[in-house]
Amino acid sequence: MNWDALGAMGEIAGAIAVIATLFFLARQLRMNTKELERTNAHQRVEVLNNVEALYVQIWQPILENADLAEIYLKGVKGQALTDVEELRFCTFINGFLSMMEAAMNSVKEGVGLEDYHSSVESLFDQLNPYLNKLLSNPTARNWLDNDATGLFGDEFVASLNEYGPLKAT
C-alpha cells in the first residue's frame with residue numbers, strides 16, 4: 001500500500017470521527033435541553049407553590065379567627081376602625097401586597113405565572129378589582145400613602161402607582 005492510499009484512508013477515518021463527534025454532541029445537546037426544560041418546569045412549579053403558600057398564609061388567620069374576619073369585613077366595607085383594628089387590617093394588606101410583589105418579581109423574571117405573559121400590567125389588571133376593594137378604605141389609603149412605601153421595593157411601589165387601582169390620585 002502506498003502513502004497516498006494510507007493518507008486517503010486517514011482522511012476517511014478522520015471524517016468518520018468528525019461525523020461521530022457531531023452526532024455525539026447533538027445527542028448531548030438534546031439531553032441537556034430536555035434536562036433544562038425539566039429544571040425550568042420544576043422552578044415554575046416551585047414559584048407557584050410559594051405564591052400559593054403565601055396566599056394561604058395571609059388568609060389563614062382570617063379563616064381561623066372571627067375577630068380578624070370581622071375587622072377584614074369592616075375594612076373592605078369602608079367602615080370606621082379602631083386603632084388596633086386599623087393596625088390589623090393594614091397588616092393584612094401588607095401581607096397581600098407582599099405576595100403581589102413576589103408575584104410581580106416572578107412575572108418580570110419570566111419564572112412561573114405565565115398567564116401574565118411577562119407583563120406586570122396584566123398582573124395588576126387581574127388583581128385591581130380586589131385591590132380597589134381592599135385599598136378604598138381611607139385607613140388603608142392613608143397607610144399606603146404614608147407608611148407602606150418604605151416596606152416595599154421602589155419598583156413595586158412605582159408599579160402600584162402606575163398600574164394599581166388607585167393610580168396616584
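Descriptive notes on the structure:
- Scaled to the globular estimate 2.2 N^0.38 Å, the Cα spread of the chain, given as radius of gyration, is 1.81.
- Distance from the alpha carbon centroid of region 70-91 to that of region 1-61 works out to 54 angstrom.
- ³J(HN,Hα) computed for each position of region 158-165 - Karplus, 6.51 cos²θ - 1.76 cosθ + 1.60, integer Hz, glycine/proline x: 4, 5, 5, 6, 7, 10, x, x
- Cα-based helix-to-principal-axis angle, 120-135 vs the chain, degrees rounded to 10: 20 degrees
- The chain: angle of helix 3-64 to the longest principal axis, Cα-based, in degrees nearest 10: 10 degrees
- Across all Cα pairs in region 68-158, the calculated P(r) in 5 Å bins from zero up to the longest distance comes to 3, 14, 24, 22, 17, 12, 7, 2, 0 percent per bin.
- Amide H contacts under 5 Å for Asn137: none, restricted to partners 5 or more places along the chain or on a different chain, H placed in the peptide plane at 1.01 Å from N.
Only the coordinates and a few stated rules stand behind these numbers; no lab work does. Computed from a predicted model, the values in this text were never measured in an experiment.
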